[in-house]
Amino acid sequence: MIAYDQTGLDALQIRDAAQEWRRQGLLSDEQWLAVQTQHNARFYSPNVFVRIGLAIFTLILLMAALGLGGLIANLNSEGGLAMLCFFFGFVLFLALELWIIGSSRHYGSGVDDMLLYFGTSLLVSGFYVMMPSNSQPLAYACLTFPFLVVGSIRYLDRLMAAAAFGCALTILALLLVETPKLALYVMPFAGMLFAGGVYFFAQQGQRRYAWRHWHGGLAVVELLALVVFYVSGNYWMVQQAGYGWFQLEQPPLAWFFWIFTFAVPVAYIYFGLRRKDRLLLDVGLGCVAVAVFTYRAYFHVMPLAWAAVLGGAVLFATAYFSIRHLRKNRGVYTYDADSDKTLLQEVEQQLIAQHLAQQPTPTPNKNESLGGGQFGGGGADGQF
Amino acid sequence: MRPHILRHLLQQEVLTPDDAARIEQVESARPFSLHWELKTLLYLGVLLLNLGLGYLIYQNIDTVGHAALIALIGAVSAVCFWYAVRHRKPFSTGETESPTPYYDYVLLLGCLLFLVMEGYWQFQYQIFGTRYGLATFIPMVLFFGLAYWLDNRGVLSLGITALASWLGVAVTPQDLLAHNDFNSATIVHTGVFLGAVLTLVPFLSERYHVKKHFSLTYLNFGVHIGMIACLAGMMALDQPLLYFPLLCVAVGFFIWYARTRASLYFLTVAVLYGYIGVTYMLFNFVRDMDFTFYLLYFILSCAGVLVFLINYKRFIKTDAP
């Protein structure tokens with residue numbers, strides 16, 4: 001079912017856990033050495049920068065090869081184009097399975113990722129070309145979905161899993177938009193129901209030992225489900241959708257959606273802390289920001305600048321006092337850094353590094369060389 | 001997951017039952033870390049305060065309140081600096097740890113608000129007159145001083161940016177392409193010069209053992225400014241014969257650096273910039289060829305680069321196996 005060598009994948013997980021225990025001083029050096037020799041994954045998984053570089057060059061190579069194939073085949077019909085896509089996609093998957101994953105043992109190297117994405121796109125495009133030109137969007141979405149699911153299951157790919165979730169959501173939305181009159185009432189609740197179902201599926205899946213290799217993909221889906229659940233009932237989203245599709249100034253059940261907008265972030269944060277569920281907590285914090293923006297979209301209580309100052313001060317003070325409290329009271333929660341970073345935190349680290357470097361400033365453009373214009377940042381603070 | 005792994009290692013007799021029990025106990029008692037969440041809140045707080053106060057100043061520029069506002073900003077900035085100086089660790093030429101968890105963020109807020117205030121003074125009272133150079137020179141000196149004195153890499157980045165704008169270039173990585181007019185030769189020359197200087201500094205500081213951990217910050221700015229300036233010289237100034245050799249030297253230097261210091265970041269970056277340069281030269285000098293020729297070039301060259309990058313372990317010198 002999984003394209004990669006399963007004992008290798010297991011070895012990776014064991015090594016990760018052992019490394020963490022060793023960092024905490026729970027394993028001796030001899031024990032760590034024993035784990036390393038007994039669990040050697042022998043995968044080719046380069047550092048993230050090399051992975052990005054490999055992915056870029058693989059993409060250029062594949063596009064050039066596809067172009068060359070098109071030139072040689074001298075296409076002049078839709079059928080020919082579809083055949084080229086199928087043939088090329090088939091060849092790519094053969095290369096991926098037998099050569100890159102099989103004999104070269106790549107795992108998350110950039111090459112295998114790009115081959116998977118490019119190959120899947122080709123196969124799907126091949127079917128798109130073959131479909132009658134008056135097909136509905138729903139047909140395209142239904143056609144794509146199985147490819148994404150199979151890709152994320154067989155190649156353990158997190159991006160594919162996210163795409164599959166998005167595709168399923170699209171199918172749902174396209175189906176419901178057709179229901180006459182009721183769509184506006186049904187859609188928010190259908191979105192919540194769908195997201196809730198997916199959330200519990202992902203949670204249960206991550207607890208299963210047999211599904212341990214899909215842990216990463218399921219975590220991504222869980223994150224997206226939490227976001228979609230909140231967005232489905234957010235007042236701004238519901239109101240905009242109602243206005244866009246049915247020209248309604250105010251959606252039905254407005255009171256319910258206003259309560260939802262503010263209650264759900266609080267519930268996320270509360271349960272995130274209670275159950276020590278980092279994903280829930282982090283998404284909850286993000287949702288608070290969305291709730292504030294939603295409120296400001298309808299009630300202009302304060303000029304933007306003052307709101308930013310006040311918000312900044314509140315955030316800073318909250319964090320300041322929380323850290324002080326945590327450092328004084330040792331207990332269930334701590335300010336000490338955890339070693340295992342979640343996906344969200346990795347993304348965030350990148351974003352912050354990017355953001356510091358391009359901070360917009362209100363300096364007038366009167367003179368270009370004024371100091372206030374260029375705030376630079378900690379782009380270089382990460383690990384290299 | 002973890003209990004399964006524990007049982008597995010116990011079966012293999014890597015762990016003794018005592019070890020396993022100890023690990024199990026630590027795992028179950030492990031506290032929930034809020035480190036990342038709180039750090040993010042601190043950072044967002046600083047960002048919002050800076051943005052909000054900055055906008056407030058320029059919105060209220062002709063009203064009565066602006067004197068009070070500028071006093072407020074000055075006071076907050078001063079408090080931040082006072083906090084930073086008061087809580088500082090004793091100076092060392094090596095790396096020091098942040099004295100408190102909020103330290104870096106307070107210092108950052110102080111620096112950013114100082115910039116807002118200084119920009120306002122210049123805008124309203126022209127305290128530097130038309131000597132714009134001075135307006136960027138002062139924060140530059142301040143930031144470099146603070147960065148070395150208080151050992152802070154974030155402030156060092158601010159200092160490098162101030163240095164660059166003092167020299168007349170916008171250099172934050174994203175601004176680099178968007179806001180610079182690379183058609184002007186002076187900017188390209190300054191960029192090449194600045195890139196070279198920023199690349200040189202780490203070697204001097206390693207030689208004299210002063211703040212060696214600042215190297216990556218300098219080199220990261222240096223590599224992008226230098227290489228983009230070279231590429232701009234090739235493309236916008238249309239002087240490839242002058243700038244392509246320069247680019248080759250830079251790429252060669254960073255590949256050498258990557259090889260000796262085992263830095264995969266600089267390896268990838270140098271290879272990418274080098275590839276862009278070589279491809280541009282090919283398209284510029286080998287014209288009127290069949291389309292197939294260019295496609296074949298991409299296929300073969302990319303395959304070559306892939307083989308090189310995939311075998312990076314053989315290329316890079318590491319002590320570890």
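Here is how the numbers come out for the structure above:
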read-out: Residue check for B:H66: surrounded by 13 or more Cβ atoms within 10 Å (Cβ to Cβ) and not assigned by TED's automatic domain parsing to the domain that holds B:Y105; value: no
read-out: Members of region B:212-241 found to be under 16 Å from the mean Cα position of the chain (by Cα) and charged (D, E, K, R), listed by number; value: B:K212
read-out: Cβ-Cβ under 7 Å pairs, at least 6 apart or on other chains, region B:287-304 side closer than 17 Å to B:I276 by Cα, far side of a type in the set (F, W, Y); value: B:C302/A:F57
read-out: In region A:242-279, residue nearest to the other protein chains (Cβ to nearest Cβ) [restricted to those that are of a type in the set (A, V, I, L, M) and under 27 Å from the mean Cα position of the chain (by Cα)]; value: A:L273
read-out: Pick from region B:56-69, criterion in contact with a Leu (Cβ under 7 Å, 6 or more places away or on another chain) and assigned to a helix (DSSP H, G or I), ranking: nearest to the other protein chains (Cβ to nearest Cβ); value: B:L56
read-out: Residues being of a type in the set (G, A, S) and in contact (Cβ under 8 Å) with a residue 60 or more places away in the chain - total across region A:96-155; value: 5
read-out: Close pairs (6 angstrom Cβ cut-off, 6 or more residues apart or separate chains): within 15 Å of A:L226 (Cα to Cα) in region A:253-268, among the hydroxyl-bearing types (S, T, Y) anywhere; value: A:T261/A:Y235; A:T261/A:T294; A:V264/A:Y230
read-out: Matching entry among A:L94, A:L115 (being in a helix (DSSP H, G or I) and loosely packed, with under 15 Cβ neighbours inside 10 Å); value: A:L94
read-out: Single residue of B:I73, B:I61 found to be more than 19 Å from B:L108 (Cα to Cα) and either crowded, with 19+ Cβ neighbours inside 10 Å or modelled with pLDDT under 90 (or both); value: B:I61
read-out: Among (1) part of a helix (DSSP H, G or I); (2) touching a helix residue (DSSP H, G or I) at 6+ places or on another chain (Cβ under 8 Å) - the single one B:V307 does not satisfy; value: (2)
read-out: Number of positions in region A:24-60 that are within 23 Å of B:S263 (Cα to Cα) and either part of a helix (DSSP H, G or I) or more than 9 Å from chain B (Cβ to nearest Cβ) (or both); value: 14
read-out: Yes/no for B:C230 being more than 14 Å from chain A (Cβ to nearest Cβ), crowded, with 23+ Cβ neighbours inside 10 Å and under 30 Å from A:P46 (Cβ atoms); value: yes
read-out: Unmet requirement for A:V50, which otherwise passes all of (1) free of Cβ contacts under 8 Å to residues at least 60 places away in the same chain; (2) buried (at least 16 other Cβ atoms within 10 Å of the Cβ); value: (1)
read-out: In region A:333-353, the residues that are at pLDDT 80 or above and either aromatic (F, W, Y) or assigned to a loop (DSSP other than H, G, I, E, B) (or both); value: A:Y333, A:Y335
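Residue-wise test of (1) facing chain B (nearest Cβ under 7 Å); (2) part of a helix (DSSP H, G or I); (3) in contact (Cβ under 8 Å) with a residue 60 or more places away in the chain; (4) touching a Leu at 6+ places or on another chain (Cβ under 8 Å).
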{"residue": "A:G284", "(1), (2), (3), (4)": "no, yes, no, no"}
{"residue": "A:A289", "(1), (2), (3), (4)": "no, yes, no, no"}
{"residue": "A:V292", "(1), (2), (3), (4)": "no, yes, no, no"}
{"residue": "A:A297", "(1), (2), (3), (4)": "no, yes, yes, no"}
{"residue": "A:L310", "(1), (2), (3), (4)": "no, yes, no, no"}
{"residue": "A:A313", "(1), (2), (3), (4)": "yes, yes, no, yes"}
{"residue": "A:A319", "(1), (2), (3), (4)": "yes, yes, no, yes"}
{"residue": "A:H325", "(1), (2), (3), (4)": "no, yes, no, no"}
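The values are calculated or read from the model by the stated rules, or taken from the named source; none is laboratory data. Since we're looking at a predicted model, the values are computed, not measured. Methodologically, a virtual Cβ is constructed for each residue, glycine included, from the backbone with ideal geometry; neighbour enumeration extends over all protein chains shown.
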